[in-house]
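Peer 1: One structure follows; several queries about it will come next.
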Amino acid sequence: MQKRIAILGSTGSIGTQALEVIAEHPDLFSVETLTANNNADLLVKQAILFQPDAVVIASENLYRQVSDALKDYPVKVYAGNDALAQVVSQNSIDTVLVALVGYSGLVPTIRAIEAGKSIALANKETLVVAGNLVMNLAVQHRVPIIPVDSEHSAIFQCLAGEYAPIDRIYLTASGGPFLNLPPEKLATVTREDALKHPRWDMGAKITVDSATMMNKGFEVIEAHWLFATPSDDIKVLVHPQSIIHSMVQFKDGAIKAQLGEPSMKVPIQYALTYPDRIECNVKKIDFAEYPALTFAEPDFRKFPCLDMAYKALRAGGTVPCTVNAANEVAVQAFLNGRLRYHDIYALISETVEMTDTINSPSLDDYMEIDAISRRNAEKILDRFHI
Ligand code: MN3
């Protein structure tokens, strides 16, 4: 029987690659729902090609454009963020792939869990903001959360068939575009410099997060919640070749790693076929091309956002929620030319200092703290004139 998939964020980097996977295996998968933020043209193209039951365009002003373009097709068209959160509970959906960017993934993921859907999670911010709440809800509703983030997929694959507890997680990091840049040069890097990622082709937000290594910090938090591992047992390891996608060490010192050419298609496909493996149309590794795999400790002083993420995880409560909100404001401002690279960290850390924390937050608390943190970050941003 075909697995019926909803893709939240189908026009982004993960979403389009997920549709490639689905198109290569039409016997195994069908597309039930597609959603996009504001790329109406691509959403319409995808809807015509895959004929889902429904599409959602989050930007309500684009509703007319999408519904007109699909008026001759049997595809329901909805608009707005409420529709996006509601559409995941449709009976006809088996698995929800959450490929939204940032905080916007949280509420739809929670609604999908409550509706009992299997979750393929590509949106790390959902766990950064509210990992405790989301994981508890998944246990309560007996819903599997299969990671799509390549490092977490690697760890998940290393844990297949294991019962012993994890001794240590090695979370590998490419190091981003500024790995070998002298720290004093970071003051003058531009948006274009930050968007040139050496190993992975991704959306703008995550590429900037990779340049600051906030992405890796968020992945530490994500790993903590997915694998119930204390932050002290999660080590970031800089591995510029990005061939080892992460590793797990067990009590006896044995280490399992998952390797391959950098491609998101493998983790996306594995999340959809788990526990099975099927043919995947990607470049297979030729070790002769990689005579040396190298490893180094990360430089926490050069990449203070990585350190801040560890501290936020240890502080707990709504601190990671505030870090995420401030980071989203900072990255957007950086992309718009309103903030310098090295002020991203300063903006986030000042926002954390300015914002109250709640220790055992409910979803409403997270939503409130997210909104307050964004307002505080915007206020601080006004002082960082370029
Ligand atoms: Mn990753």
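The values are calculated or read from the model by the stated rules, or taken from the named source; none is laboratory data. Being a predicted model, the structure only gives us computed values, none of them experimental. Here Cβ is always computed from backbone atoms with ideal geometry, including for glycine, and neighbour counts include all displayed protein chains. Note: areas computed on protein heavy atoms with side chains; ligands, DNA, RNA excluded. Shrake-Rupley method; radii C 1.70, N 1.55, O 1.52, S 1.80 Å.
Peer 1: Return the pair list, or none, for Cβ contacts closer than 9 Å from residues in region 273-291 that are at pLDDT below 95 to residues that are not in a loop (DSSP other than H, G, I, E, B), at least 6 apart or on different chains.
Peer 2: 281/20; 281/21; 281/24; 281/265
Peer 1: I need the full set of residues from region 155-193 which are more than 16 Å from the ligand (Cβ to nearest atom) and out of contact with any Phe, Trp or Tyr (no Cβ under 9 Å at 6 or more places or on another chain), in order please.
Peer 2: 161, 163, 180, 181, 182, 183, 184, 192, listed by residue number.
Peer 1: Continuing with the same structure: Which condition number in (1) open to solvent by 10 Å² or more (accessible area, probe 1.4 Å); (2) away from the ligand (no atom under 14 Å from the Cβ); (3) more than 20 Å from residue 299 (Cα to Cα); (4) not basic (Lys, Arg) is the one that residue 266 fails?
Peer 2: Just one mismatch for residue 266, condition (2).
Peer 1: While we're on this one: Filter region 194-216 down to the residues that are open to solvent by less than 50 Å² (accessible area, probe 1.4 Å) and over 14 Å from the mean Cα position of the chain (by Cα), then identify the one that is nearest to the ligand (Cβ to nearest atom).
Peer 2: 197
Peer 1: For region 114-151, give me the residue count where each residue is within 15 Å of the ligand (Cβ to nearest atom) and without any contact (Cβ under 8 Å) to a residue 12 or more places away in the chain.
Peer 2: 0
Peer 1: Would you be able to say whether some residue in region 93-102 is modelled with pLDDT of 95 or more, over 24 Å from residue 131 (Cα atoms) and not assigned by TED's automatic domain parsing to the domain that holds residue 218?
Peer 2: No: zero hits.
Peer 1: Another question about this same structure. Here are some residues: 84, 121, 133, 97. Which one is in contact with a Ser or Thr (Cβ under 6 Å, 6 or more places away or on another chain) and more than 30 Å from residue 253 (Cβ to Cβ)?
Peer 2: 84
Peer 1: Residue check: is residue 213 of a type outside the set (Gly, Ala, Ser) and in contact with a Ser or Thr (Cβ under 6 Å, 6 or more places away or on another chain)?
Peer 2: When the stated conditions are applied, residue 213 does not pass them.
Peer 1: Among the numbered criteria (1) in contact with a His (Cβ under 7 Å, 6 or more places away or on another chain); (2) modelled with pLDDT of 90 or more, which single criterion is violated by residue 187?
Peer 2: With respect to (1) in contact with a His (Cβ under 7 Å, 6 or more places away or on another chain); (2) modelled with pLDDT of 90 or more, residue 187 is out only on (2).
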